[in-house]
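Enquirer: The structure is given below, and queries will be raised subsequently.
The values are calculated or read from the model by the stated rules, or taken from the named source; none is laboratory data. Predicted, not measured: the structure shown is a model, and the values here were computed from it. Glycine gets a Cβ as well: all are built from the backbone with ideal geometry, and neighbour counts include every protein chain shown.
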Amino acid sequence: MTSNQRLTPTRPAIVATGLRKSYGDKVVLDGIDLNVAKGTIFSLLGPNGAGKTTAVQILSTLITADSGRLSVAGHDPASDPQAVRAAIGVTGQFSAVDNMITGEENMTLMADLHHLGRREGRRLAAELLERFDLVDAAKKPASTYSGGMRRRLDIAMTLVGAPSVIFLDEPTTGLDPRSRHNMWEIIRDLVAGGVTVFLTTQYLEEADQLADRIAVLNQGKLVAQGTPEELKRLVPGGHVRLTFGDGSAFEAAARAFGLGLRDADALTLNVPNDGSVRGLRAVLDVLDAASIEVEELSVHTPDLDDVFFAVTGRPDNEKVQAR
């Protein structure tokens, strides 16, 4: 590989510019722009009805956009939908698993749909069943599977076509916490193998744990976009919580700082602070200068819940772009 080749940026896995979709008078997507790098997890958040599923359906060629320019895996879904379909996998909100047949039969059926030879299809099915820890259940009807097992089988079926881009539309909805965490590990493993994951979810912790970048949709518009940490910095409200062992120390700290939210019953003082090393040092300097003893100190910064409610709480929010 030449130095020029190494410096050449790779084409994004997904690009959308000015994406619009309406149903009658209802605007579902109002000119959104997306750019998803290869080999990353991109999460699209938003309240119910924000347009998340519509965006996935357009990008995965299930429906067409009214306007806008699109590229998925280097192909235009409008002019070359077959090329896009050959490069992607889709796991929707509702499982595509056929509950009347076994897990193994679901896998081999998917291999047949991809026109794989019998030997290759059976080999790949066995490999994926093992990868997703479904070997023991492979010959049992899928109707006997737990929700987490059905989700694993659903994603295993999606991987039969070796997609480079996978759309996961709320893949952990209804799963228990253990199954959800297992699914997170599966998603991380997919990306470690070079797959690009486009994830929609209603679980903000899930996006925070998994996503390299997050976009928030509200009423068809992108109201925030950036890394999880960039989005958190958009919301004020970080503070250092000081807890004191007695009322005299609490009152002395309240006078020394002159600001912050006080709770005299709990003997706590919340001092506005960004949580940085410099910010914490400033708090400690004030305490040392006044010879104030603190029983407990903790740092509290905004999380994605704060971001979500801040940017979706008002219908007239203007778009915020984290740099």
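Enquirer: Out of all the residues in the stretch 249-272, which are among the small types (Gly, Ala, Ser), surrounded by 15 or more Cβ atoms within 10 Å (Cβ to Cβ) and out of contact with any helix residue (DSSP H, G or I) (no Cβ under 8 Å at 6 or more places or on another chain)?
Expert: Selection gives 249, 252, 254.
Enquirer: Kindly indicate whether residue 185 is in the same structural domain as residue 74 (by TED's automatic domain parsing), of a type outside the set (A, V, I, L, M, F, W, C) and at negative phi.
Expert: Answer is yes for this residue.
Enquirer: Separate question: Only one of 266, 211, 253, 289 is in contact with a Ser or Thr (Cβ under 9 Å, 6 or more places away or on another chain), not basic (Lys, Arg) and not assigned by TED's automatic domain parsing to the domain that holds residue 25. Can you tell me which?
Expert: Within the list 266, 211, 253, 289, the selection yields 266.
Enquirer: Next up: For residue 240, indicate whether it is over 34 Å from the mean Cα position of the chain (by Cα) and of a type in the set (A, V, I, L, M).
Expert: Details: over 34 Å from the mean Cα position of the chain (by Cα): no; of a type in the set (A, V, I, L, M): yes.
Criteria not met by residue 240.
Enquirer: Note down all Cβ pairs under 6 Å where the first residue falls in the stretch 244-268 and is under 10 Å from residue 294 (Cα atoms), the second is part of a loop (DSSP other than H, G, I, E, B), and they're at least six residues apart or on different chains.
Expert: That search, which allows pairs on different chains as well, returns 244/267; 244/295; 245/295; 249/292; 249/293; 250/244; 250/267; 253/292.
Enquirer: Taking the condition within 28 Å of residue 47 (Cα to Cα) and not in a strand (DSSP E or B), does residue 245 pass?
Expert: Here the answer is no, as residue 245 does not meet what is asked.
Enquirer: Under 6 Å between Cβ atoms, which residue pairs at least 6 apart in sequence (or on different chains) link something in the stretch 81-99 that is of a type in the set (S, T, N, Q) with a partner that is assigned to a helix (DSSP H, G or I)?
Expert: The qualifying pairs are 91/154; 91/155; 91/158; 95/150; 95/154; 99/142; 99/143.
Enquirer: Given the criteria among the hydroxyl-bearing types (Ser, Thr, Tyr), part of a helix (DSSP H, G or I) and in contact with a strand residue (DSSP E or B) (Cβ under 8 Å, 6 or more places away or on another chain), does residue 108 qualify?
Expert: It is false that residue 108 is among the hydroxyl-bearing types (Ser, Thr, Tyr), part of a helix (DSSP H, G or I) and in contact with a strand residue (DSSP E or B) (Cβ under 8 Å, 6 or more places away or on another chain).
Enquirer: Then there is this: Taking into account only those residues within the stretch 165-193 that are outside any loop (DSSP other than H, G, I, E, B) and in contact with a strand residue (DSSP E or B) (Cβ under 7 Å, 6 or more places away or on another chain), which is surrounded by the most Cβ atoms within 10 Å (Cβ to Cβ)?
Expert: 168
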